[in-house]
Amino acid sequence: MEFFGSFQSLGIEGGTFVMLIMLLALLVSGIPLAYVTLLVALVFALGWFGPMVVPLITSRVYSFVSSFVFVSVPMFVLMAAILDRSGIARDLFDAMKLLAGRLRGGVAIQTIAVAVILAAMSGIIGGEIVLLGLVALPQMLRLGYDKHLAIGVVCAGGALGTMVPPSIVLIIYGLTANVSVGDLFTAAFLPGLMLASFYVVYVLIRAHLNPAMAPVQEGPPVPTAEKIRLLKGLILPLLVVTGVLGSIYGGIASVTEASAVGVAGVMLSTIVRGEFTFALLKGAALQTLRTVGMIVWIGIGASALVGVFNLMGGIKFVSDLITGISDNPTIILLFMMLILFVLGMFLDWVGIALLTMPIFVPIIISLGYDPVWFGVLFCMNMQVSFLSPPFGPAAFYLKSVAPPDISLATIFRSLVPFIIMQILALAMLILFPAIAWH
């Protein structure tokens, strides 16, 4: 019984320090983030307040998982899982050959264009990088493309699912920050395309300066009948994208309803293509359960931890600490970006969003900044975290399907120019907030 309430003697400064050390120690031990946050939340709830506070934590967790917008997360994950198992992405890549033509660096540009369309279909990063790694990377290597350029294009292009709506990162941010997901989608659309255009310009410049890096695709002209057959591969994906984004931007459907439209569209596409089987649906459903289960458990753990920290007065303490750094709002904003960048090197984006946004968003609002614009900044920052060592997930996703001679070190080296472009895009968004118009 002496344990209950004993932590209060530490004070909020000591309590925050002990909580941080406990979190780091448990994470280093290899325990999943969801269980670490739940365990630390429970220890501090009992140690600071006693057993009476536990129902307050459970009510906070319930309010997070019972949000209606959260339904869209499994829907978009299911879309990606079905795409992963169908030949839609492969046919889409083949169809885009017609647009790339005999342009130097055309296959790399074609890969980025396919990445944008796939991102607009599902908003899932892992599956997209694996798909491009299986479809685009072998073709670029076969044509004699510089392997660093090919690897960078696949990883950076695949990670565009973070920025291009319907991004699950935006949905989780919207839930955490209590802002409209529809507004976030509108605000992120142009920055997502801007980043993709940075990649395209980079490929064109590198190919122009060193033609050996991106050879022109040789071969006889494509017959008209073949062109028509290839173009059919564009129709279904574009219809799905139009159905999902068109229904949101047109005000016809909410984000949650649009996610259902997307699942129906992808399933209908597999039926039309003659690929639909119950085995495909079962595999996609199981993959969705695994992915969403992870997101929900991290959400439960993070909600519990933030709830306890808030009751302790910790959020006010950290807010005062951050705002006390400078009287200049821009410096405070840049400091937040630095914190997110460092966290992104070690933690999953779901955990970062759920642990930091309840602290950061109220500060942003008090400084007079737009929380929707800050959400786009957060997503752009998470773009960097997907590629940055030592735990950049994009590199590990690609390594799982890359040829054996491509090492993890090679992949990370290849990503450096693309990380620089992402930081440049982040700087552009800070300097010119109107880019994230909504």
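The values are calculated or read from the model by the stated rules, or taken from the named source; none is laboratory data. Nothing here was measured: the structure is a model prediction, and the numbers come from that model. For neighbour counting, all protein chains shown are included, and Cβ atoms are generated from backbone atoms with ideal geometry for every residue, glycine included. To get the accessible areas, we keep the full protein, side chains included, count just its heavy atoms, and leave off ligands, DNA and RNA. Shrake-Rupley method; radii C 1.70, N 1.55, O 1.52, S 1.80 Å.
Here are the numbers for the structure shown:
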read-out: Gyration tensor over alpha-carbon atoms, the chain, equivalent ellipsoid semi-axes in Å; value: 40, 24, 20
read-out: Between 0 and 90°, nearest 10: helix 255-272 axis offset from the chain longest Cα axis; value: 30 degrees
read-out: Apportionment of accessible area to carbon and sulfur, the chain, percent (1.4 Å); value: 71 percent
read-out: Non-local Lys pairs in the chain, i.e. 8 or more apart or on different chains, that have alpha carbons under 30 Å apart; value: 8
read-out: Heavy-atom accessible area order for R90, R273, R85, largest first, 1.4 Å probe; value: R90, R85, R273
read-out: Positive minus negative residues near F391 (Lys, Arg vs Asp, Glu; Cβ under 13 Å); value: 0
read-out: Range in the chain, longest, excluding exposed GluC sites (Glu not before Pro) [loop by DSSP; at most 10 other beta-carbon atoms within 10 Å]; value: 219-438
read-out: Most to least packed among 16-29, 203-216 [average Cβ atoms within 10 Å]; value: 203-216, 16-29
read-out: Cβ-based net charge around S269, under 11 Å, with every Lys or Arg adding one and every Asp or Glu removing one; value: -1
read-out: Exposure of F276 as accessible area (Å², to 10), given a probe of 1.4 Å and all protein chains; value: 60 Å²
read-out: Estimated FRET transfer efficiency when R0 is 25 angstrom, pair A264-R290 (beta carbons, to 0.05); value: 0.65
read-out: By average C-beta atoms within 10 angstrom, highest first, the peptides 38-45, 162-169; value: 162-169, 38-45
read-out: Charge tally in the Cβ shell below 9 Å around L131, where Lys, Arg are +1 and Asp, Glu are -1, L131 excluded; value: -1
read-out: Spin-label model distance (nm) - F346 vs S63, 7 Å beyond Cα toward Cβ; value: 3.0 nm
read-out: Sum of -39500 (n - 2.57) over DSSP H runs of 4+, divided by residues of the chain (222 nm, nearest 500); value: -25000 deg cm²/dmol
read-out: Along principal axes, Cα extents of the stretch 259-367, largest first, whole Å; value: 62, 29, 25
read-out: Convex hull per residue volume in Å³, alpha carbons only, for the stretch 226-311; value: 141 Å³
read-out: Between the stretch 303-330 and the stretch 119-189, the alpha-carbon center distance in angstrom; value: 32 Å
